[in-house]
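Comments concern the structure below.
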Amino acid sequence: MSETARVPTPPIDRTQCHDPRVSIVVITRNRASDLLRSLKRLTALESRPRVVVVDNGSTDGTVAAVRRAFPEVDVIALARNRGAAARNVGVATVTTPYVAFADDDSWWAPGSLPRAADLLDRHSRLALVNAHIRVNEDEHDDPTCLEMAKSPLPLAPGQPGHALLSYIACAVVMRRAAFLEVGGYRDELLVGGEEEILGWDLAAAGWQMSYVPELVAYHHPSPARDARDRRATGIRNTLWTTWLRRPLRPACRRTWRLLRSLPRDRVSARGLADAIAGLPRILSHRRVNPPHVEWMRQLLDAQQERSHARR
């Protein structure tokens with residue numbers, strides 16, 4: 001055996017790996033086993049980010065399970081389900097300049113968070129970077145990421161990756177100051193398409209957003225997901241977001257296209273009923289996107305129409 005071979009590899013000194021630029025905020029509700037799996041990966045990252053879990057009123061023992069298994073993770077237990085707006089609580093708790101978000105069934109690849117922070121350090125008007133998502137055990141590409149790679153939106157000078165107007169909440173690193181500037185997530189949207197209006201508001205405030213496929217996150221969609229509930233919420237939120245921000249004619253066109261595309265079933269009926277019930281309150285908060293944001297949205301609408309025509 002050589003002299004070199006007899007020298008043991010020194011253990012990683014994790015105190016020297018801490019990157020103080022990024023914290024991780026995870027929201028969860030009644031999915032303790034999924035969350036524990038994700039936290040195992042997140043707490044093993046060599047950059048040692050602070051991890052904050054915000055629990056949306058779970059009744060399955062999630063809070064106690066996390067505190068027992070991961071005492072180094074900060075847990076905030078909410079008394080009620082605030083959906084995506086629980087992330088606002090997590091962001092208010094951390095002090096790092098950047099916040100990485102994960103869901104209870106997603107996690108970040110080693111090295112991606114420091115690389116994301118490097119990009120945000122270099123580009124002061126970049127509000128967020130969206131990672132490439134690998135799905136399930138076979139690690140197939142998330143189809144939304146493939147669409148992001150085809151974005152028709154023009155890049156600002158020096159902007160990395162592909163320009164965005166929205167993003168995927170479980171695979172994004174966001175500039176905390178930008179998040180706070182636009183007010184974070186809306187309580188009434190819960191979870192399901194809640195990102196779109198926040199993306200529009202960031203763009204309205206002059207921030208840039210990028211899909212950067214060199215960054216990687218993993219997503220193993222929880223078997224506990226209620227697909228029907230998520231679809232109904234998505235229908236409602238698409239309509240609410242449209243009427244909160246789109247000008248009248250584009251709002252009517254988007255509403256008509258959505259109505260034509262929906263399956264004629266109880267889930268669609270529930271989503272539409274919920275949207276109509278809340279519409280008076282939504283319209284009282286209506287604030288139309290500025291022209292440059294509407295122009296970007298129209299570029300994306302045209303891309304989607306071309307894509308549908310090819311199918």
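Derivation of every value follows stated rules applied to the coordinates shown; laboratory data play no part. Computed from a prediction, not measured in an experiment: that's the story for all the values here. Neighbour counts are summed over all protein chains in view; Cβ atoms, including those assigned to glycine, are modelled from backbone coordinates with ideal geometry.
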> So, in Å, what gap is there between the alpha-carbon centers of region 35-53 and region 148-188?
Replying inline: 23
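Which value, in debye to the nearest 20, gives the size of the charge dipole of the chain about its Cα centre, when Lys and Arg are +1 and Asp and Glu are -1 at the Cβ? Working shown, then result.
Details: 45 positive and 35 negative charges, 247 e Å.
My answer is approximately 1180 debye.
Where both partners of a DSSP beta bridge lie in the chain, what percent of those bridges are antiparallel, to the nearest 5? Don't skip to the end; give the middle numbers.
Details: 13 of 38 bridges.
Percent antiparallel among DSSP bridges in the chain is about 35.
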> Ranking I76, I133, I24 by Cβ neighbours within 10 Å, fewest first, what do you get?
Replying inline: I76, I133, I24
> Just going by the charge dipole of region 116-199, with Lys and Arg at +1 and Asp and Glu at -1 on Cβ, which of C170, G192, H123 is farthest out on the positive end?
Replying inline: H123
> Which net charge results for the neighbourhood of H220, defined as the other residues with beta-carbon distances under 9 angstrom from its beta-carbon, given Lys and Arg at +1 and Asp and Glu at -1?
Replying inline: -2
> Under 5 Å between amide H atoms, partner at least 5 residues away or on a different chain: which partners does I76 have, H built in plane at 1.01 Å?
Replying inline: V53, V54, D55
>> Please list 3J(HN,Hα) in residue order for region 167-176, calculated via the Karplus relation 6.51 cos²θ - 1.76 cosθ + 1.60 where θ = phi - 60°; whole Hz, with x for glycine and proline.
In response: 6, 10, 4, 7, 9, 9, 10, 10, 6, 4
>> If you fit an axis through the alpha-carbon atoms of helix 266-283 and take the longest principal axis of the Cα set of the chain, what angle between them do you get, 0 to 90°, nearest 10?
In response: 80
> Roughly how many whole Å is it from the C-alpha centroid of region 250-311 to that of region 74-119?
Replying inline: 28
> If you take the charge dipole of region 14-219 about its Cα centre, with +1 on Lys and Arg Cβ and -1 on Asp and Glu Cβ, which of P154, V22, L35 is farthest toward its positive end?
Replying inline: V22
> So who's got an amide H within less than 5 Å of the one on V191, skipping anything under 5 residues away but keeping other chains? H placed 1.01 Å off N, in plane.
Replying inline: A84
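Would you mind ranking M174, M148 by Cβ crowding within 10 Å, fewest neighbours first? All intermediate terms of the calculation are to be shown ahead of the outcome.
On the way: M174 28, M148 24.
So the ranking, lowest neighbour count to highest, is M148, M174.
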> Once you charge only the Cβ atoms, +1 for Lys and Arg and -1 for Asp and Glu, what is the size of the charge dipole of region 227-310 about its Cα centre, to the nearest 20 debye?
Replying inline: 100
> Along region 46-54, what does the Karplus equation 6.51 cos²θ - 1.76 cosθ + 1.60 (θ = phi - 60°) give for ³J(HN,Hα), rounded to whole Hz, x for Gly and Pro?
Replying inline: 5, 6, 6, x, 5, 10, 10, 9, 10
> Which of R245, R230 comes first, and how do the rest follow, when ranked by fewest Cβ neighbours within 10 Å?
Replying inline: R230, R245
> How large is ³J(HN,Hα), in whole Hz, for each residue of region 68-75 in order, when computed from phi with the Karplus curve 6.51 cos²θ - 1.76 cosθ + 1.60 and θ = phi - 60°, using x for Gly and Pro?
Replying inline: 6, 7, 9, x, 7, 8, 7, 10
